[in-house]
Amino acid sequence: MRAAEDDFDGGPERSPVRDSAVGSRTAYLDARSLIGCRHRLRLDAANPGLLAEVREDPGVQQRRDAATAHRLKVRDELVAAAPADWVVIDPELRGAAKAAATMAAIEAGAPRIWGGLLPAEADTGRRGGVEFLLRDEDRGGYIPIIVVNHKVTDPRRPDPADFHPLTSGLLRWEPRRDKHVRLRPQPRDQQRLAHLYRMLQRYGMASPALVGGAIGLANDRILIHDLSGVLADYDQRYADRIAVVRGELPTQPSKVPECRQCPWWVRGTAEEPSCEATLTRMRDVSLVAPGSRAEVLRPHGIETIDELAAWEGEDPEDWQHGPFAETVVTARAWIDGAPLVRRFERVSVRRADVEIDVDLESYQEDGAYLWGTLLDDVYRPFVTWDPLPTEDEGRSFGEFWTWLMQRRAETHAAGKTFAAYCYSRTAEDKWLYESARRFAGRPGIPTQEQVRAFVDSKEWVDMFQAVTEQFICPNGKGLKKIAPVAGFGWRDPEAGGEASMGWYRRAVGYDDAVDLSQRTRLLEYNEDDVRATQVLREWMSQRAVAEVPSLADFGGARF
């Protein structure tokens with residue numbers, strides 16, 4: 001399985017802390033803290049150093065390392081193209097010296113500045129660094145440009161009816177409407193650019209153009225963000241967050257996606273228990289309606305799971321998260337301890353004479369190094385152990401696709417039915433298309449049209465969709481949550497997308513010598529994933545109706 005996407009981008013800024021300053025404590029806040037959990041922000045600020053011994057999540061560290069490597073690559077390419085235009089701030093300088101060097105370069109009117117750090121503001125609490133400051137030769141001042149390790153645009157065919165984002169080339173600032181890409185909204189990027197703009201504005205060094213830029217993973221253009229519509233929201237958000245850091249506003253825990261990787265979820269302080277313990281004791285509604293769902297429910301007086309389970313009457317008018325009655329049943333199932341609830345009297349899943357289970361392993365955006373398959377209880381991996389990115393990825397993908405299509409053709413020739421199964425097809429579809437595009441014309445590589453014909457057919461079955469359509473899942477819909485209900489368990493207790501990223505680095509020798517045991521570990525993990533989808537499918541076909549309670553069991557017969 002793939003690692004879940006995370007919004008951490010490994011930027012240059014630190015976590016929020018309170019710095020000692022001549023007997024007082026000054027709170028500082030960087031742009032990264034504008035997005036995410038307010039309660040975590042308060043805990044981090046109020047307990048500096050408490051988590052120092054907590055080992056950082058390996059997936060977070062890997063994304064941090066990848067982001068650093070990406071920024072260095074962009075820096076080297078840009079500076080090499082026009083070295084006379086650049087002032088590169090020494091990254092080894094300490095904070096005050098780095099800020100002084102940045103301001104000196106700005107005051108000297110340097111056309112382009114890399115690795116700048118703006119002076120921390122003791123009164124406002126703002127601090128922040130920026131990869132690229134571009135002098136606005138027409139209007140004066142500087143335009144902040146950040147370099148991020150995620151996509152900021154997607155390619156598309158030109159369409160006169162579409163909105164076309166504003167972009168510029170990397171080497172010359174030439175804003176234009178770009179018909180060849182579509183925007184990938186990234187609120188975190190806009191908030192960071194607004195933060196940097198306000199800091200430049202303090203010194204009269206912000207361009208009147210009111211724009212900022214982002215260079216994404218593709219490193220092929222600068223996406224230009226209009227900040228005129230962002231600053232008001234930023235100012236309000238910043239005022240709230242700095243007040244939290246200063247201890248001027250209280251916060252309460254609430255379950256959000258960020259909790260999965262937050263150390264405060266399971267760790268408390270001397271003053272208060274962990275977030276998980278607190279929410280469980282409170283029977284907080286966010287345990288079954290996390291994130292924005294809980295934010296909608298609380299103004300309606302629904303603070304606990306029990307209050308949600310007891311809801312009667314009309315649905316809340318502002319509820320936009322699917323059938324509200326199912327949310328009520330989710331609460332009732334949680335109270336009862338039921339991991340799943342059937343939506344229908346019967347449970348069905350597409351079956352075939354020949355069934356193949358498929359699961360891929362990818363490493364960040366570098367590529368897909370392993371396509372695992374299961375047919376007739378035999379596991380067959382198609383893999384490259386050359387470190388990604390590598391041309392050998394095309395060889396392993398071509399062999400996988402050829403084998404899969406041969407089995408499909410043989411099945412059709414025999415007059416039998418065929419189906420290939422995955423769990424949550426988004427990643428498989430992505431890398432099928434990406435691999436076809438990147439390795440076009442090589443042996444065994446399909447065209448993108450051939451990929452589309454397959455994934456759009458009834459023979460490509462997403463078990464995640466089958467689960468979503470037929471079950472309510474109080475504890476989540478991930479394969480690691482659902483397959484154990486069907487009786488399946490993974491051999492490795494650490495099995496998971498985040499952990500596999502670290503295994504892969506050791507398996508190919510990214511950090512040190514190649515560790516062959518990690519290759520075995522990855523293959524076993526991938527094999528367990530495809531076997532899990534097989535077990536789940538058979539369980540749904542044979543035993544689920546008898547083992548899983550229905551909506552009627554929780555008062556949901558009316559829907």
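Just a few scattered comments:
To keep it simple, each residue is scored yes or no on (1) touching a residue at least 24 places away in the same chain (Cβ under 8 Å); (2) basic (Lys, Arg); (3) farther than 21 Å from residue 132 by Cα.
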{"site": "188", "(1), (2), (3)": "yes, yes, no"}
{"site": "211", "(1), (2), (3)": "yes, no, no"}
{"site": "216", "(1), (2), (3)": "yes, no, no"}
{"site": "225", "(1), (2), (3)": "yes, no, no"}
{"site": "241", "(1), (2), (3)": "yes, yes, yes"}
{"site": "270", "(1), (2), (3)": "no, no, yes"}
{"site": "273", "(1), (2), (3)": "no, no, yes"}
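- Residue 495 being under 22 Å from residue 261 (Cβ atoms), among the hydrophobic types (A, V, I, L, M, F, W, C) and in contact with a helix residue (DSSP H, G or I) (Cβ under 6 Å, 6 or more places away or on another chain): yes
- Yes/no for residue 491 being more than 26 Å from residue 388 (Cα to Cα), surrounded by fewer than 15 Cβ atoms within 10 Å (Cβ to Cβ), assigned by TED's automatic domain parsing to the domain that holds residue 418 and over 23 Å from the mean Cα position of the chain (by Cα): yes
- Residue count for the stretch 331-353, restricted to those that are closer than 15 Å to residue 466 by Cβ, out of contact with any Cys (no Cβ under 7 Å at 6 or more places or on another chain) and in a loop (DSSP other than H, G, I, E, B): 9.
- Filter result for the condition that a residue is buried (at least 19 other Cβ atoms within 10 Å of the Cβ) and either aromatic (Phe, Trp, Tyr) or more than 20 Å from residue 388 (Cα to Cα) (or both), over 454, 471: 471
- Leading residue by the ranking (nearest to residue 463 (Cα to Cα)) among those in the stretch 518-532 that are of a type in the set (Asp, Glu) and surrounded by fewer than 21 Cβ atoms within 10 Å (Cβ to Cβ): 527
- Filtering the stretch 89-99 to residues that are among the basic types (Lys, Arg) and either outside the structural domain of residue 132 (by TED's automatic domain parsing) or buried (at least 18 other Cβ atoms within 10 Å of the Cβ) (or both) leaves only 98.
- Residue count for the stretch 262-285, restricted to those that are part of a loop (DSSP other than H, G, I, E, B) and within 19 Å of the chain's Cα centre (by Cα): 1
- Count of the stretch 221-261 residues which are under 24 Å from the mean Cα position of the chain (by Cα) and assigned to a helix (DSSP H, G or I): 10
- Hey, residue 154 in contact (Cβ under 8 Å) with a residue 12 or more places away in the chain, surrounded by fewer than 16 Cβ atoms within 10 Å (Cβ to Cβ), assigned by TED's automatic domain parsing to the domain that holds residue 199 and of a type outside the set (Lys, Arg) or not: yes
- Test for residue 338: is it touching a helix residue (DSSP H, G or I) at 6+ places or on another chain (Cβ under 9 Å) and closer than 18 Å to residue 283 by Cβ: yes
- Among the residues examined, residue 536 qualifies as surrounded by 17 or more Cβ atoms within 10 Å (Cβ to Cβ) and among the aliphatic types (A, V, I, L, M).
So that you can scan it fast, the table gives a plain yes or no per residue for (1) more than 22 Å from residue 516 (Cα to Cα); (2) in contact (Cβ under 8 Å) with a residue 60 or more places away in the chain:
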{"position": "358", "(1), (2)": "yes, yes"}
{"position": "364", "(1), (2)": "no, yes"}
{"position": "368", "(1), (2)": "no, yes"}
{"position": "375", "(1), (2)": "yes, no"}
{"position": "415", "(1), (2)": "yes, no"}
{"position": "426", "(1), (2)": "yes, no"}
{"position": "433", "(1), (2)": "yes, no"}
{"position": "446", "(1), (2)": "yes, no"}
{"position": "449", "(1), (2)": "yes, no"}
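- Residue match in the stretch 384-393 (condition: of a type in the set (Val, Ile, Thr) and out of contact with any Ser or Thr (no Cβ under 8 Å at 6 or more places or on another chain)): no
- Here the strands (runs of 3 or more DSSP E) wholly within the stretch 367-430 that include at least 1 residues being more than 27 Å from the chain's Cα centre (by Cα) and buried (at least 18 other Cβ atoms within 10 Å of the Cβ) are 367-375, 418-422.
Residue by residue, here is whether (1) surrounded by 12 or more Cβ atoms within 10 Å (Cβ to Cβ); (2) of a type outside the set (S, T, N, Q); (3) in a strand (DSSP E or B) holds:
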{"residue": "87", "(1), (2), (3)": "yes, yes, yes"}
{"residue": "101", "(1), (2), (3)": "yes, yes, no"}
{"residue": "105", "(1), (2), (3)": "yes, yes, no"}
{"residue": "132", "(1), (2), (3)": "yes, yes, yes"}
{"residue": "144", "(1), (2), (3)": "yes, yes, yes"}
{"residue": "163", "(1), (2), (3)": "no, yes, no"}
{"residue": "167", "(1), (2), (3)": "yes, no, yes"}
{"residue": "174", "(1), (2), (3)": "no, yes, no"}
{"residue": "179", "(1), (2), (3)": "yes, yes, no"}
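The values are calculated or read from the model by the stated rules, or taken from the named source; none is laboratory data. As the structure is a prediction and not an experimental result, all values here were calculated from the model. Cβ coordinates were reconstructed from backbone atoms using ideal geometry, including for glycine residues, and neighbour counts include every protein chain displayed.
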